[in-house]
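Student: Let me begin by handing over the structure; questions about it come next.
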Amino acid sequence: MNKTLIGLLGGLSAASIWGGMYVVSKVVLEVIPPFTLLTLRLVLGILALGIVVFLRKKTEFTRQQFQNCFLVGVVGYGISLGFQFIGTKLSTASNGALVTSATPAFVLLFAPLILNEKPTFRRAFALVISLLGVFAVIDPRTADFSSSLFIGNLSLLAAALTWALYSVLVRNISKTTDLLKSSTIMLAGGLPSSVLFSILELHQQGIGKITIGIVGGILFLGIISTAIAMFLWNYAFAELPASVASLTFFAQPVVGTLLGWFFLKETITPLFWAGGILIGMGLFIANRDP
């Protein structure tokens, strides 16, 4: 029970941190292009986790395990985050929040194929309840699915699909490897593509004026939103059934909306509170599944 609770708290904390990234990212991205920022985040995340790995007692890690972790990282931090950046650029913020909320549904699809986790009616019902809550929080009426945004929306869907695949693969990897060390190597899997795109965008755009506030934002995004949040997300999938851990993802739009209300004076409707209750009910129902 303790591990279950800690796993739930880990997933909820990770999703909450990502929900709070919007305000910081919005400021930093005005100065630093997206793939350059992603590269900085990954490097800082690797350094932060790497220091902890170095200070801990040494654990066995074979070349095959290293390769497996690196390839899982390519899926999550190379391919999935790449699709997310492209989709965000070519679509809208509302579409991004709505389409990526399909991630837990894709987890429910991959978990039986990769982990042999049998789908249950209770967990499927919990997913439906939580999705209804997300729709109440986000309000699908604000989304735009016109043909001009097709490529962007398709990229967002690919991001949701590949992040679900990454998350399920993390649970598979965690059965045989040290989670902290494997999480560090997974972050490194995103560097080849992020560095390449960073070089291309820096050649076209360059970097704006770096201030103390921007440096603080980069450190927050690299250490808190990447090193800590990614590890917590991986921990949730290591300790919980994938279909349960994935539901903690829905904390992201809730926290994002709350911060938008607090910092940006955005309006919160009664539907938001109803949606938050539904998401909580979904987590409760899924976690009671034997």
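Student: For region 205-216, does any single residue satisfy the condition of being under 18 Å from Met186 (Cα atoms) and at pLDDT 90 or above? Before the answer, list the steps.
Tutor: Filtering region 205-216 down to residues under 18 Å from Met186 (Cα atoms) leaves none.
The answer is no; no qualifying residue exists.
Student: Hey, another quick one. Restricting attention to helices (runs of 4 or more DSSP H) lying wholly within region 179-234, give those where 2 or more residues are closer than 13 Å to Ile46 by Cβ. Give the derivation first.
Tutor: Details: elements: 179-188, 191-204, 212-219.
Those helices (runs of 4 or more DSSP H) span 179-188, 191-204.
Student: Would you check which residues across region 43-57 are open to solvent by less than 80 Å² (accessible area, probe 1.4 Å) and closer than 24 Å to Glu239 by Cβ and list them? Step through it out loud before you land on a result.
Tutor: Going residue by residue through region 43-57, those that are open to solvent by less than 80 Å² (accessible area, probe 1.4 Å) are 43-46, 48-50, 52-53.
Matches in region 43-57: Gly45, Ile46, Ala48, Leu49, Gly50, Val52, Val53.
Student: Scan region 144-157 residue by residue and report those that are farther than 11 Å from Ala102 by Cβ and in contact with a Gly (Cβ under 8 Å, 6 or more places away or on another chain). It would help to see each step written out before you state the result.
Tutor: First, the residues of region 144-157 that are farther than 11 Å from Ala102 by Cβ: 144-155.
Once the filter is applied, which keeps residues that are farther than 11 Å from Ala102 by Cβ and in contact with a Gly (Cβ under 8 Å, 6 or more places away or on another chain), region 144-157 yields Gly152, Asn153, Leu154, Ser155.
Student: Which of the residues belonging to region 52-82 are closer than 13 Å to Phe231 by Cβ and of a type in the set (A, V, I, L, M)?
Tutor: Those that are closer than 13 Å to Phe231 by Cβ and of a type in the set (A, V, I, L, M): Val52, Val53.
Student: Somewhere in region 32-42, is a residue open to solvent by 40 Å² or more (accessible area, probe 1.4 Å) and modelled with pLDDT under 90? Write out each step before concluding.
Tutor: Initially, region 32-42 is screened for residues open to solvent by 40 Å² or more (accessible area, probe 1.4 Å), giving 34, 40.
Pick out the ones that are also modelled with pLDDT under 90 and you get 34.
Yes, there is a match, as at least one residue in region 32-42 is open to solvent by 40 Å² or more (accessible area, probe 1.4 Å) and modelled with pLDDT under 90.
Student: Restricting attention to region 275-290, and to residues there that are closer than 14 Å to Phe250 by Cβ and exposed (fewer than 14 other Cβ atoms within 10 Å of the Cβ), which single residue is modelled with the lowest pLDDT? Break it down into steps so the answer makes sense when it comes.
Tutor: Taking region 275-290 first, the residues closer than 14 Å to Phe250 by Cβ are 275-287.
Narrowing the set further to residues that are exposed (fewer than 14 other Cβ atoms within 10 Å of the Cβ) leaves 277, 284.
Values: Ile277: 87, Phe284: 80.
Ranking the qualifying residues of region 275-290, first place goes to Phe284.
Student: Of (1) buried (at least 18 other Cβ atoms within 10 Å of the Cβ); (2) in a loop (DSSP other than H, G, I, E, B); (3) among the hydrophobic types (A, V, I, L, M, F, W, C), Phe61 satisfies all except one. Which?
Tutor: Going through the list (1) buried (at least 18 other Cβ atoms within 10 Å of the Cβ); (2) in a loop (DSSP other than H, G, I, E, B); (3) among the hydrophobic types (A, V, I, L, M, F, W, C), Phe61 breaks only (1).
Student: Would you confirm whether or not region 10-31 contains a residue that is of a type in the set (D, E, K, R), open to solvent by less than 80 Å² (accessible area, probe 1.4 Å), in contact with a Gly (Cβ under 8 Å, 6 or more places away or on another chain) and within 19 Å of Phe197 (Cβ to Cβ)?
Tutor: Narrowing region 10-31 to residues of a type in the set (D, E, K, R): 26, 30.
Pick out the ones that are also open to solvent by less than 80 Å² (accessible area, probe 1.4 Å) and you get none.
Looking for residues that are of a type in the set (D, E, K, R), open to solvent by less than 80 Å² (accessible area, probe 1.4 Å), in contact with a Gly (Cβ under 8 Å, 6 or more places away or on another chain) and within 19 Å of Phe197 (Cβ to Cβ), one finds none in region 10-31, hence no.
Student: Still on this model: Kindly evaluate Ile224 against the criterion of being among the β-branched types (Val, Ile, Thr) and either over 22 Å from Ser13 (Cα atoms) or open to solvent by less than 70 Å² (accessible area, probe 1.4 Å) (or both).
Tutor: Yes: the conditions hold for Ile224.
Student: Let me ask something else about it. So is Val72 of a type in the set (Val, Ile, Thr), surrounded by fewer than 20 Cβ atoms within 10 Å (Cβ to Cβ) and assigned to a helix (DSSP H, G or I) or not?
Tutor: Working: of a type in the set (Val, Ile, Thr): yes; surrounded by fewer than 20 Cβ atoms within 10 Å (Cβ to Cβ): no; assigned to a helix (DSSP H, G or I): yes.
Judged against the criteria, Val72 is not a match.
Student: Now, a different point. Given the structure, is Leu49 in a helix (DSSP H, G or I) and under 16 Å from Leu179 (Cα atoms)? Before you say what the answer is, go through the steps one by one.
Tutor: Values: in a helix (DSSP H, G or I): yes; under 16 Å from Leu179 (Cα atoms): yes.
So Leu49 fits the description; yes.
Student: Please specify each residue of region 127-178 satisfying the condition of being modelled with pLDDT under 90, among the polar types (S, T, N, Q), within 20 Å of Phe237 (Cα to Cα) and open to solvent by 20 Å² or more (accessible area, probe 1.4 Å).
Tutor: Thr176
The values are calculated or read from the model by the stated rules, or taken from the named source; none is laboratory data. Remember, it's a predicted structure, so these values are computed and weren't measured experimentally. Every residue, glycine among them, receives a Cβ derived from its backbone with ideal geometry; neighbour counts consider all protein chains shown. Surface accessibility is based on the protein's heavy atoms, side chains included, excluding ligands, DNA and RNA. Shrake-Rupley method; radii C 1.70, N 1.55, O 1.52, S 1.80 Å.
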